[in-house]
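Undergrad: To start, I am sharing the structure in question, which I have written as C-alpha cells.
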Amino acid sequence: MKPIISIIVTSYNIEKYISACLDGLINQTITDIEIIIVDDGSTDRTPEIIAEYARTDKRIIPVLNKENSIGGVATPANVGIGLAKGKYIGFADGDDLYDPGMFQALYLAAERNDASMSICAYKEMSGELNELKAPFDPAWEVIKELGCIDTTTVESKKKVLELQPVPWRKLYKASLLKDNEILFPVGPCFFEDNGFHWFTTLSGTKVAIVNETLCFHRKNRVGQSTASDGNRLLGVFHQHSVIWRFLSEKNLLAEYRDYSLNWLGVHLSWVQQVISPTYSDEFYKTLVPHFDLYTHSEIRHHLSNKYYDRKSVELIVSVLRKDCSFFCEIMNGKVSTSYAEKVKFNLFKLGPCSFICMVFRVMKAKLVPAKKINNDSAVNELVLSNLNDIQEQLSELRCDLNLVNSKIAQLEISCINNNADVNHSLLAVGHKISEVERLIENKLSIKIKT
C-alpha cells in the first residue's frame with residue numbers, strides 16, 4: 001500500500017544534528033509516511049546513524065551515496081523524488097527540526113483546499129545555540145491569513161514567488177512534480193531551491209497556507225552552503241539563468257521578466273552585503289551578462305518602483321555603465337560625490353527624461369524659497385530679470401541631455417560596450433549643471449535686510 005506522504009531528507013556531514021531531525025520525523029502525528037534519507041557521501045558518522053534508525057523503523061529508506069555530488073542538495077533531492085511513492089512529497093534538511101504535527105497540518109490543508117502545495121511558517125535557529133528568530137519574509141506577512149491562494153493568475157503567482165524559496169516548509173502534490181517533470185536544477189552551483197520554487201509556483205494552481213510555526217531552520221552552521229564566501233556565493237546567479245531559461249521554454253517571459261529582474265536585484269543586494277570586496281571583479285563579471293538580458297528602460301523602471309540601499313543602486317548603475325573599475329570602487333566603500341559622478345549616477349538610474357525633470361525640480365526648489373523671502377519689489381525685479389539667463393542655461397542643458405539620450409539609445413541597439421563618447425557627454429552635462437547652479441546662486445545671493 002502506498003504511503004500518503006513521502007518525506008525526503010538530505011544529509012551531508014551532520015552527525016551532530018541528524019538524530020534530532022529524524023526523531024521529529026518518525027514521531028509525526030500522521031504515521032502513514034515513508035522517510036527517504038539520501039546521504040550525499042558523508043565522511044563522518046552520519047551514514048551510521050541513518051542505518052541505525054533504518055533498522056528500528058521500517059518506514060525509513062536509506063540511500064547512502066559513496067561520493068559527494070556537485071551543487072548542493074539538488075542531486076540527492078532528485079534521487080528522493082524518483083523513489084517517492086506517496087501522494088504528497090515533502091522535504092527536510094537533515095540538520096533542521098520539525099514539529100511532530102507539521103506534515104499532518106500541511107496534508108490536511110492541501111486536501112481541504114485541493115491545493116498543489118501547502119506551506120507553513122518557520123523560524124530560524126542561529127548557529128550552535130539554537131536561538132530562535134523570525135526570518136526575513138515580508139511576503140509571508142501579506143498572505144499568512146488568507147488560508148488559500150488561487151494561483152491561476154499571473155498576479156497571484158507573483159505573490160507566491162516573493163516568498164522565501166525554501167522547500168522544507170512545504171508539501172507538494174506528487175502529481176505536480178511528476179506530471180510536470182519538475183526536479184531541482186543540477187549544476188556546479190548551489191541555491192538550487194530558487195529554480196525549484198519558480199518551477200513549482202508557475203506550474204501549480206493553488207497554495208494552501210498553514211499559519212503555524214512548524215519547522216525550525218538552522219543557519220550559520222559550519223559547512224553550510226549559504227554560510228560560504230566568495231565564488232560559491234556568486235553561484236547564486238546561475239539560478240537566474242535557470243529561471244530565465246525556464247520562462248523562455250514555457251513562453252512566460254513577457255509575464256514574468258519583471259519578477260526575474262526583481263530576483264536579480266534582490267540577490268545582488270544580498271550578495272554585496274556578505275561577499276568580500278576582494279571578489280569585486282568576479283562579482284561584476286558575473287552580473288553583466290544577466291543584466292544585459294534587460295533593457296536600460298526596464299531596469300530604470302524597476303529601480304523607480306523598488307527600494308534598494310544606495311550601495312546596491314550604485315552597483316547596478318555601474319553595471320549599466322559597463323564600468324568595472326567604478327563597480328570595484330563602490331564595493332570598497334566609495335560613494336558618488338562629485339558633480340560628474342552624480343550626473344552619471346542619476347542619468348543612468350533615471351534616464352534622460354526623468355533626469356531633466358529632476359533637474360528642473362532642483363532648480364525650482366532653489367528659486368521658490370528666494371522668491372518667498374524677498375518681499376522687496378526691487379529685489380524681486382532683480383531676481384525675475386535674471387530668470388531668462390537661467391532658462392537659457394537650462395535649455396542648453398536639455399540639448400546636451402538629448403544628445404546623451406541619443407548616444408545611449410545607439411549603445412543599446414548596437415550593444416556597444418565602449419561608452420567613452422557617452423562619458424564625455426556626461427562630463428559636459430556635469431559642467432553645464434555646475435554652471436547653472438553657480439549662476440542661480442550668484443543671481444540670487446542677495447542679502448535681504450530683515
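The values are calculated or read from the model by the stated rules, or taken from the named source; none is laboratory data. Note that the structure is a prediction, hence the values are computed from the model and not measured. Virtual Cβ from ideal backbone geometry, glycine too; neighbours counted across all protein chains shown. Surface areas here come from the heavy atoms of the whole protein model, side chains and all, with no ligands, DNA or RNA. Shrake-Rupley method; radii C 1.70, N 1.55, O 1.52, S 1.80 Å.
Undergrad: Can Ser318 be described as open to solvent by 70 Å² or more (accessible area, probe 1.4 Å), over 23 Å from Glu192 (Cα atoms), assigned to a helix (DSSP H, G or I) and at pLDDT below 95?
TA: It is false that Ser318 is open to solvent by 70 Å² or more (accessible area, probe 1.4 Å), over 23 Å from Glu192 (Cα atoms), assigned to a helix (DSSP H, G or I) and at pLDDT below 95.
Let's see how each residue does on (1) touching a helix residue (DSSP H, G or I) at 6+ places or on another chain (Cβ under 6 Å); (2) open to solvent by 20 Å² or more (accessible area, probe 1.4 Å); (3) among the small types (Gly, Ala, Ser):
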residue	(1), (2), (3)
Val154	yes, yes, no
Gln164	no, yes, no
Ser175	no, yes, yes
Thr201	yes, no, no
Val207	yes, no, no
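Undergrad: Going by the conditions given, is Ser248 without any contact (Cβ under 8 Å) to a residue 24 or more places away in the chain and in a helix (DSSP H, G or I)? It would help to see each step written out before you state the result.
TA: On the way: without any contact (Cβ under 8 Å) to a residue 24 or more places away in the chain: yes; in a helix (DSSP H, G or I): yes.
Considered against the rule, which asks whether it is without any contact (Cβ under 8 Å) to a residue 24 or more places away in the chain and in a helix (DSSP H, G or I), Ser248 comes out as yes.
Undergrad: Criterion first (modelled with pLDDT of 95 or more and within 30 Å of Glu155 (Cβ to Cβ)) does Leu287 satisfy it?
TA: Spelling it out, Leu287 is indeed modelled with pLDDT of 95 or more and within 30 Å of Glu155 (Cβ to Cβ).
Undergrad: Residues of the range 6-20 being surrounded by fewer than 24 Cβ atoms within 10 Å (Cβ to Cβ) and hydrophobic (A, V, I, L, M, F, W, C), which ones?
TA: Of everything in the range 6-20, just one residue is surrounded by fewer than 24 Cβ atoms within 10 Å (Cβ to Cβ) and hydrophobic (A, V, I, L, M, F, W, C), namely Ala20.
Undergrad: Next question. Do we have any residue at all in the range 275-294 that's outside any helix (DSSP H, G or I) and touching a Gly at 6+ places or on another chain (Cβ under 9 Å)?
TA: yes
Undergrad: If Val154 meets every condition in (1) more than 24 Å from Asp40 (Cα to Cα); (2) touching a strand residue (DSSP E or B) at 6+ places or on another chain (Cβ under 6 Å) apart from one, which number is that one?
TA: (2)
Undergrad: Could you please find all residues in the range 79-110 being over 21 Å from Asp23 (Cα atoms) and open to solvent by less than 20 Å² (accessible area, probe 1.4 Å)? Give the steps one after another, and end with the answer.
TA: Step one: of the range 79-110, the residues over 21 Å from Asp23 (Cα atoms) are 79, 81-83, 85, 87, 108-110.
Correct list: Ile81, Ala109, Ala110.
Undergrad: What do you reckon, is Pro135 closer than 20 Å to Ile26 by Cβ and either in contact (Cβ under 8 Å) with a residue 60 or more places away in the chain or out of contact with any Phe, Trp or Tyr (no Cβ under 8 Å at 6 or more places or on another chain) (or both)?
TA: No.
Undergrad: While we're on this one: Take the residues of the range 289-310 that are surrounded by fewer than 16 Cβ atoms within 10 Å (Cβ to Cβ) and charged (D, E, K, R): which is nearest to Gln273 (Cα to Cα)?
TA: Per the criteria, the residue is Asp309.
Undergrad: Follow-up question, since we're still on this one. Answer yes if at least one residue in the range 68-78 is out of contact with any helix residue (DSSP H, G or I) (no Cβ under 6 Å at 6 or more places or on another chain) and open to solvent by 70 Å² or more (accessible area, probe 1.4 Å), and no otherwise. Steps first, please.
TA: Kept after step one, since they are out of contact with any helix residue (DSSP H, G or I) (no Cβ under 6 Å at 6 or more places or on another chain), are these residues of the range 68-78: 68, 70-71, 73-78.
Imposing the further condition that a residue be open to solvent by 70 Å² or more (accessible area, probe 1.4 Å) reduces the set to 68, 70.
Within the range 68-78, one or more residues are out of contact with any helix residue (DSSP H, G or I) (no Cβ under 6 Å at 6 or more places or on another chain) and open to solvent by 70 Å² or more (accessible area, probe 1.4 Å).
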